[in-house]
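Have a look at the structure below before the remarks.
The values are calculated or read from the model by the stated rules, or taken from the named source; none is laboratory data. Every value quoted in this text rests on a predicted model; they were computed, and no experiment measured them. Don't worry about glycine lacking a Cβ; one is built from the backbone with ideal geometry, like all the others, and counts go over all protein chains shown. The protein model used for the area step is the full one, side chains on, heavy atoms only, and it has no ligands, DNA or RNA in it. Shrake-Rupley method; radii C 1.70, N 1.55, O 1.52, S 1.80 Å.
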Amino acid sequence: MKQLTARDMAQIAIVAAICIVLTITPPLNAMAYYGYQFRVSEMMNFLAFYNPKYIIGVTIGCMIANLFSSFGLIDVFVGGGSTFVFLGLGLILFGRFKNKFLFDGLIRLDHFLFAIFFSISMFTIALELYYLQGQPFFYNWLTMGLGEFASLIFGAIVINQLSKRIDFTK
């Protein structure tokens, strides 16, 4: 990655702030934590497919938003670490499909594949709930994965439409 400019750092901070607001603001926060994990802020993950610098903003935003969860610092590192690792892997695995579209141009193929991949990665949060609260692992993995997939598909469509008007590559 190239050296970050002041503009890059400001854009990263804005992305982090948007992630936080879209996660902790009522009524959006009612679905953002625990066993469902439907976060409107997940749409911001797709910015990294336009410019990898946004991995930093999304990860920081996730970490700060997770401070507001009932697990606090543990969730900061488990959720934030998971976001960083799986978003980075998603870019490596699916970035080559960025010029292919599904559903008559509604969603990019790399975004769709990432939504599946990232939804599967919810096993990390299901494990966190299992070890910290004794909650059922497979049930939580299923519900969080479905919530994550729904929020990511919604976000992929929104970001794809916004990218037609805003250049996210800068």
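Below is a table of values for the structure above.
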| read-out | value |
| --- | --- |
| Long-range neighbours under 6 Å by Cβ, at least six apart or interchain, first residue open to solvent by 40 Å² or more (accessible area, probe 1.4 Å) within the stretch 158-170, second assigned to a loop (DSSP other than H, G, I, E, B) | THR169/TYR50; THR169/ASN51 |
| Flag for PHE123 being open to solvent by 10 Å² or more (accessible area, probe 1.4 Å), at pLDDT 95 or above and either within 20 Å of ARG39 (Cβ to Cβ) or of a type in the set (Lys, Arg) (or both) | yes |
| Those residues of the stretch 83-124 which are among the small types (Gly, Ala, Ser) and within 18 Å of ILE56 (Cα to Cα), in sequence order | GLY88, GLY90, GLY95 |
| Unique residue being in contact with an Asp or Glu (Cβ under 9 Å, 6 or more places away or on another chain), open to solvent by less than 10 Å² (accessible area, probe 1.4 Å) and at pLDDT 95 or above when the list is LEU87, LEU152, LEU91 | LEU152 |
| Residue among ILE92, ILE74, ILE153, ILE166 that alone is among the β-branched types (Val, Ile, Thr) and more than 22 Å from CYS19 (Cα to Cα) | ILE92 |
| Output for the stretch 114-157, where each listed residue is polar (S, T, N, Q), farther than 30 Å from ARG7 by Cα and either in contact with a Lys or Arg (Cβ under 6 Å, 6 or more places away or on another chain) or not in a helix (DSSP H, G or I) (or both) | SER121, GLN135 |
| Qualifying residues in the stretch 29-68 (those that are part of a helix (DSSP H, G or I) and open to solvent by 50 Å² or more (accessible area, probe 1.4 Å)) - the one nearest to THR143 (Cα to Cα) | MET31 |
| Set PHE71, PHE117: member being out of contact with any strand residue (DSSP E or B) (no Cβ under 6 Å at 6 or more places or on another chain), farther than 22 Å from ILE24 by Cβ and not β-branched (Val, Ile, Thr) | PHE117 |
| Qualifying residue in the stretch 94-101 (condition: touching a residue at least 24 places away in the same chain (Cβ under 8 Å), part of a helix (DSSP H, G or I) and open to solvent by less than 10 Å² (accessible area, probe 1.4 Å)) | no |
| Lone unmet requirement of (1) under 27 Å from GLY35 (Cα atoms); (2) in a helix (DSSP H, G or I) for ASN160 | (1) |
| Residues of the stretch 6-19 that turn out to be more than 19 Å from MET122 (Cα to Cα), surrounded by 15 or more Cβ atoms within 10 Å (Cβ to Cβ) and within 16 Å of the chain's Cα centre (by Cα), as a count | 4 |
| Per-region count, the stretch 126-149, residues open to solvent by less than 40 Å² (accessible area, probe 1.4 Å) and either closer than 16 Å to ILE74 by Cβ or under 15 Å from the mean Cα position of the chain (by Cα) (or both) | 8 |
